[in-house]
Each structure stands twice: as structure tokens, then as C-alpha cells.
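The values are calculated or read from the model by the stated rules, or taken from the named source; none is laboratory data. Note that the structure is predicted; figures quoted are calculated from it, not measured. Reconstructed Cβ throughout: ideal geometry from the backbone, glycine too, with neighbour counts over all protein chains shown. These area figures cover heavy atoms from the full protein model, side chains too; ligands, DNA and RNA do not enter into them. Shrake-Rupley method; radii C 1.70, N 1.55, O 1.52, S 1.80 Å.
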Amino acid sequence: MHPDDTYLRELATRYLGTGRPVSWERVADGASTIVYRFQRGTERFYLRILPEEGSTFAPEVLAHQLAGSLGCSVPEVLAYEPLDPVFQRSTMLTTEIAGTPIAADTPVDTAAEIVRAAGGDLARINAIPVQGYGWIDREASQTEDRLYAEHPDLASMIEREYRQAIERLPDDAVPGLSGDTLQSGCSTQSKSCRTTPDPSSLMETLTRLHIFADEARYTGIIDFGEIRGMPRLYDLGHHLMHDRERLPYSTFGWLLEGYGEVTALPEAHREMILAWSRLIAARALLRGLERNPASPIVATARRSIARAGFSV
């Protein structure tokens, strides 16, 4: 379901006024929302529309506001509608974070500086508290200035979202790795993750595609569409799973350096990050195999598991 030009013109007038003409185009890379880019002179804005009825952008709006208050470079929310009266969906308009993600041709020294800066912002985002664990509860999070997640405790979240799902992995899910070894490894990692002492905090599920730079300068982090409440090291594990994805070098070490400059990491942080990375990769692999075995996430998850190893 997509809006027509009449509706987009009405939104542009409502949100940006009538002083200067505004043009728009559909952005193809919106994963969980319908996204349009609005252009007014040299200024760019992004309109997001939730495809689901009854859901709102309230959690993302609050996440942007809280992250911005901590000094993070994230888009500013200019307008928000819990329920647009015309389109009957929630809408949100944000400013643009200039630039593009780092790419294969980004020089190594430049990429290192950009990712270290992003690591500092990620640490600040991960300091935002969340009540509960798992996906952010959109209904609960729209009534107070606090974010709520779906599960009351970490153990139940891991049981429902990871362990039960991973048990459905086929024996040949990862070439060269037996099904028993993979299952045992996942079980060991889930036990490690359940015992983490960290309270729940905001996760951005960061990959290189969320880190933007303009003319070799870090400009910010985008896309709060898949936020959740998890222990602090989860986001670093998520980034580690995607490490080297379409890049000729690793970015994880740089991200960890920038992260550690802002917040102290526990003594066993590398083992815990690896445990989360393995769990995330195993669950992503199952979801990819069930939906589309040829999708890029299947190759990414297999590569991540093979790289980390799963000896038990």
C-alpha cells in the first residue's frame, strides 16, 4: 500500500510549508517502512510510513530524541503522526544524515576514523535504558517517556526468540559443520548470554550500512526501524556477524575501540560479543533458509558461523 502524489503533496505542505517547492521520490532501501525522500532546494528530508495498521512510530521518535539528547549524530524528528487522518498510517519526517555508508573503495585509514566515531555514538545509544528484552513493544512505548520490550526477562526472550528457533536448523545448515555440533554450540552460547549481568538497553542493530560519512567525515547513524532492548554487548555481536560484509577489511576492531572510549567494557567482553554473534547468526540463518535460501543473509550467517567456529 503506497500513497499517491496528491497525498504526498498534502504532507509536504503540512510538514514543510508552502514557501518553496518540494519534490519527492521513493527510496528503495527502506527495510521495515515505506520511505520517501523529500527535496526542498538543497535540503533533504525523509518521510517514513508504517505499513501496518494500528502501529506507530512512537518508539522510534523517542529513541531519536533520547539519542540526540546524549549528543549522538542521528536524524532529527521534525514531524510525527500516530495516525495520519488521510492515509490511516503512522508517519514520521526526519532530517537527513548527509553522505553514504562506507564502501569497498573507502580508504582503510578513513574507514577506521569513521567507524571509531560511530562506535562512540553506538555506546551512547546502548546506554539508553529499556524495560524488558526483545523487540520494542510499540503499543506500550507510546504512552510514556520510556521504551518497553516484549519479554519481561532475558531468559524467556532467549528461549522464545533464539533457542526454540535454532532447534529447527537443519543438519546441513552450515557446510562442514554437523547438526549436533551446531545445536550444542548454540545451546552453550544461549546459556552464556542468559547469565549476562547487563540490564536491558537500546539496541540499534548496527551494520556498516547504518554508518554514514560525507567527504571522509563521520556524519551519523541512521535507521532506528529495528530497535530492541538487549544486554549492552548485543549490538557489537550483531556488527561482528556482519563484519567484512561487502568490504575487503574488518571494521569490528575500530568499532570496539570507539565504543570503549565512551563506556568501560567488561573483562570478558570479547567472549560475550562472540556468543551473541553466534546466536544472532544462527537465528538469522534459520530465518533466511525458511524465507529464501538464496538471500544474502544466508551467506553472511554461514560465513560468520564458520569464521567464529562452533567447537564445544
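To the nearest 20 Debye, how big is the dipole of region 63-143 about its Cα centre, given +1 on the beta carbon of each Lys and Arg and -1 on that of each Asp and Glu? Display every interim value, and only then the final one.
Values: 4 positive and 10 negative charges, 42 e Å.
Using only the charged Cβ atoms, the result is roughly 200 debye.
Dipole of the chain, Cα-centred, from +1 at each Lys and Arg C-beta and -1 at each Asp and Glu C-beta, to the nearest 20 debye?
Dipole size: approximately 440 debye.
With viscosity set to 1.306 mPa s at 10 °C, what whole-number translational diffusion coefficient in µm²/s follows for the chain from Stokes-Einstein and a Kirkwood radius over Cα pairs? Mind dumping the intermediate values first?
Details: Rh = 20.5 Å.
Answer from the Stokes-Einstein relation: 77 µm²/s.
Out of residues 5 or more away from Asp137 or on other chains, whose amide H comes under 5 Å of its own, with H placed 1.01 Å from N in the peptide plane?
Tyr148, Ala149, Glu150
Lys/Arg Cβ at +1, Asp/Glu Cβ at -1, dipole of the chain taken about the Cα centre: which of Asn292, Gln164, Leu255 is farthest positive-ward?
After comparing all options, I get Asn292.
Which number do you get for Rg(Cα) / (2.2 N^0.38 Å) in region 191-312?
Working: Rg = 14.6 Å, N = 122, 2.2 N^0.38 = 13.7 Å.
With N residues counted in region 191-312, Rg over 2.2 N^0.38 Å equals 1.07.
Show that you can apply the helix-only estimate: for the chain, add -39,500 (n - 2.57) for every DSSP H stretch of four or more residues, divide by all residues, and state [θ] at 222 nm to the nearest 500.
Numbers: 9 runs with 118 residues, N = 312.
Here the helix-only value at 222 nm equals -12000 deg cm²/dmol.
Could you work out the mean projected area of the convex hull around the alpha carbons of region 32-115, in square nanometres to one decimal?
On the way: hull surface 29.1 nm².
For region 32-115, the mean projected area of the Cα convex hull comes to 7.3 nm².
Please report Rg (one decimal) and Dmax (integer) in Å for the Cα set of region 93-170.
When restricted to Cα atoms, region 93-170 yields Rg and Dmax of 18.1, 45 Å.
From the residues Leu93, Gly68, Gly134, which one has its Cα farthest along the dipole of region 63-143 in the positive direction, the dipole being from +1 and -1 charges on Cβ of Lys/Arg and Asp/Glu about the Cα centre?
Gly134
If you put +1 on each Lys and Arg Cβ and -1 on each Asp and Glu Cβ, how big is the dipole of region 187-296 around its Cα centre, in Debye rounded to 20?
On the way: 13 positive and 14 negative charges, 107 e Å.
Dipole about the Cα centre, nearest 20: 520 debye.
At 1.4 Å probe radius, can you tell me the per residue accessible area of the chain in Å²? Before the final figure, lay out the partial values.
On the way: 14400 Å² over 312 residues.
Spelled out: the 1.4 Å probe surface of the chain, per residue, equals 46 Å².
In the Gaussian network model of the chain, springs joining C-alpha atoms below 10 Å, which of Pro82, Pro293, Pro199 carries the largest mean-square fluctuation?
Pro293
Rounded to the nearest percent, how much of the accessible area of the chain (1.4 Å probe, protein heavy atoms only) is carbon and sulfur? Kindly include the intermediate steps, with their values, before the conclusion.
Values: 6960 of 14400 Å².
Result for the chain: 48 percent of the exposed heavy-atom area is carbon or sulfur.
For the pair Ala103 and Glu271, what calculated FRET efficiency results from E = 1/(1 + (r/R0)^6), where r is the Cβ-Cβ distance and R0 = 30 Å, to the nearest 0.05?
Working: r = 31 Å, r/R0 = 1.04.
So, using R0 = 30 Å, E works out to roughly 0.45.
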